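The next block holds one structure in the form of structure tokens; read it before the comments.
The values are calculated or read from the model by the stated rules, or taken from the named source; none is laboratory data. As the structure is a prediction and not an experimental result, all values here were calculated from the model. Neighbour counts are summed over all protein chains in view; Cβ atoms, including those assigned to glycine, are modelled from backbone coordinates with ideal geometry. Please note that ligands, DNA and RNA were not included when accessible areas were found on the heavy atoms of the full protein model with its side chains. Shrake-Rupley method; radii C 1.70, N 1.55, O 1.52, S 1.80 Å.
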Amino acid sequence: MPTIDRSAPVLVTGANGYIASWLAKYLLEQGFTVHGSVRDSRNTDKVGHLLKLGEAHPGQLQLFDADLLREGSFDAAMAGCQLVFHTASPFIVRGIKDPQAQLVEPALSGTRNVLQAANRCDSVQRVILTTSVAAVYGDFADIELIDGHAFNEGHWNTSSSLSHQPYNYSKTVAEKEAWDICAQQSRWDLVAINPGLVLGPSLARASDSTSLSTMLELVDGTLRMGVPKLRMPLVDVRDVAHAHILAATNPEAEGRHLLVGDTASLLQLARMIEAEHGDRYPTPQRELPKFLTWLLGPLAGISRKMVARNVGYAVAFDCSKAIEELGMQFRPLPETVRDHLQQMVADGLV
Ligand code: NAP
């Protein structure tokens, strides 16, 4: 990958999304011209925050309509771009009725459509793919299958399927497809970013991201009766956005990059909220015994297999590649949680 031409536009797919909005903001602040693809640029509920970013950076942001499921959809937005950030993909884990249509199709066809557009677009030299730790492991129980007991970039999710952890499955098949398409040509290279569960303040008001519902449920009373004992890999949304830019602008960057700043249980997240706000919010006060979570899980849309293979496991992640190669530094988790709640209060969500 030659030196970055900072005068060339860059494409951010799904630019209105939770992670992509921060990415677009930082790219604009660094002087890049951003082509943001969205599903409907006239939907001001979804793109209003982007329009404001554009006003703060006159002439630097242009929105394009594109759908992951429509072939050729990304050609116009990609024209002239040297860098393509492909972030668009649904991040929903509950209430899924048709996993193929709701998750796998947009993830997989979207990856194909964006990368086939890159094959047609002579200016593209690097694609930065927002994949996930979900493409690295399927369930926390998978930790028992690996040597060293810390997940790293060499591991792939082998336990997810359409019927079990379909979001993780969608990210796995989409990332594999991306590496396969990349291997068939040599003009552009691919750098993957694999974040854990992303938390932190949202610029996007109307995102469906599970990140936002997770944080909301900790303070709106949904989890008042208790939470499963789940220790999650976490990372700040602003760190994830920065990682994308570091991956794009470092000519030496290659391969996958795990991004996990810290791990914490849902109860520990609740304790961080209480440390700032006392008993102002109806946060969960205890962890439910595993058998009770197993029994009641299906009522909350969580399968018994998911409970059996995730609750109570200790997981670890080796993120040394992102730290050494990209120069990543991770924000302290309490800061992420504090800033996220502050944003939700400021936006009238709690
Ligand atoms: P998000 O706010 O829901 O963003 C998803 C984006 O994908 C939105 O712009 C959405 O557009 C777009 N999209 C969905 N279906 C589409 C379709 N058929 N055509 C065009 N665009 C479509 O979620 P996010 O959390 O920022 O996630 C962004 C990326 O990060 C995803 O690839 C996700 O898998 C990955 N990731 C997220 C996390 C996390 O914890 N948040 C962790 C690891 C990886 P609409 O707004 O129109 O629906």
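Would you tally the net charge around R286, using a Cβ to Cβ cut-off of less than 14 Å, leaving R286 out, and scoring K and R as +1, D and E as -1?
Once positives and negatives cancel, what remains is +2.
Seen against the Cα atoms of the chain and their longest principal axis, helix 333-346 is set at about 80 degrees.
Comparing V337, N250, T283 along the charge dipole axis of the stretch 209-341, the residue lying farthest to the positive side is T283, per the Cβ-charge model.
Across L145, L115, L288, mean-square fluctuation computed from a Gaussian network of the chain (C-alpha pairs under 10 Å connected) peaks at L145. Length gained on full extension, R205 to L162, computed as 0.36 nm times the residue gap minus the Cα-Cα distance: 12.5 nm. Taking θ as phi - 60° and the Karplus parameters 6.51, -1.76 and 1.60, the scalar couplings of the stretch 184-199 work out to 8, 8, 9, 6, 10, 10, 10, 10, 9, 10, 10, x, x, 5, 8, 10 Hz in sequence order, x denoting glycine and proline. Within the listed set R280, R120, R70, the residue fluctuating most in the Gaussian network model of the chain (springs between alpha-carbon atoms under 10 angstrom) is R280.
The alpha carbon convex hull volume per residue for the chain rounds to 128 Å³.
Residues considered: N250, N310, N194. Largest GNM mean-square fluctuation over the chain, using C-alpha springs under 10 Å, is found at N250. With θ taken as phi - 60° and the Karplus curve 6.51 cos²θ - 1.76 cosθ + 1.60 applied, the whole-hertz 3J(HN,Hα) list for the stretch 279-292 is 9, 4, 10, x, 6, x, 10, 8, 9, 7, x, 4, 5, 6 Hz, x standing for glycine and proline. The tail of the calculated P(r) for the stretch 128-196, taken as Cα-Cα distances beyond 16 Å, holds 48 percent of the pairs.
Counting only heavy atoms of the protein chains, get the accessible area per residue of the chain (1.4 Å probe) and round it to a whole Å² value.
43 Å²
Where in the stretch 116-137 is the amide nitrogen less than 14 Å from a point lying 7 Å along the Cα-to-Cβ axis of Q185? Only 116-128 fall inside the zone, counting backbone N under 14 Å.
Computed from Cα atoms, the angle from the helix 166-183 axis to the main principal axis of the chain rounds to 30 degrees.
The residue list L50, P298, G312 was ranked by how far each Cα lies along the charge dipole of the chain toward its positive end, using unit charges on Cβ atoms, and P298 comes out on top. Within 10 Å, Cβ to Cβ, of F91, how many net charges do the neighbouring residues add up to if Lys/Arg are +1 and Asp/Glu are -1? Neighbourhood net charge equals 0. Here is the list for the stretch 1-94: GluC sites (Glu not before Pro) lying in DSSP coil, each with at most 14 other C-beta atoms within 10 angstrom of its C-beta, are E71. Globularity index of the stretch 24-162 is 1.23 (Cα radius of gyration / 2.2 N^0.38 Å, N = number of residues). In a simple Cβ point-charge model (Lys, Arg +1; Asp, Glu -1; nothing else charged), the chain has a dipole of about 740 debye relative to its Cα centre.
Dipole size of the stretch 53-172 about its Cα centre, with +1 on Lys/Arg Cβ and -1 on Asp/Glu Cβ: approximately 160 debye, rounded to the nearest 20. Across all directions, the average flat footprint of the convex hull enclosing the Cα atoms of the stretch 234-301 is 7.4 nm².
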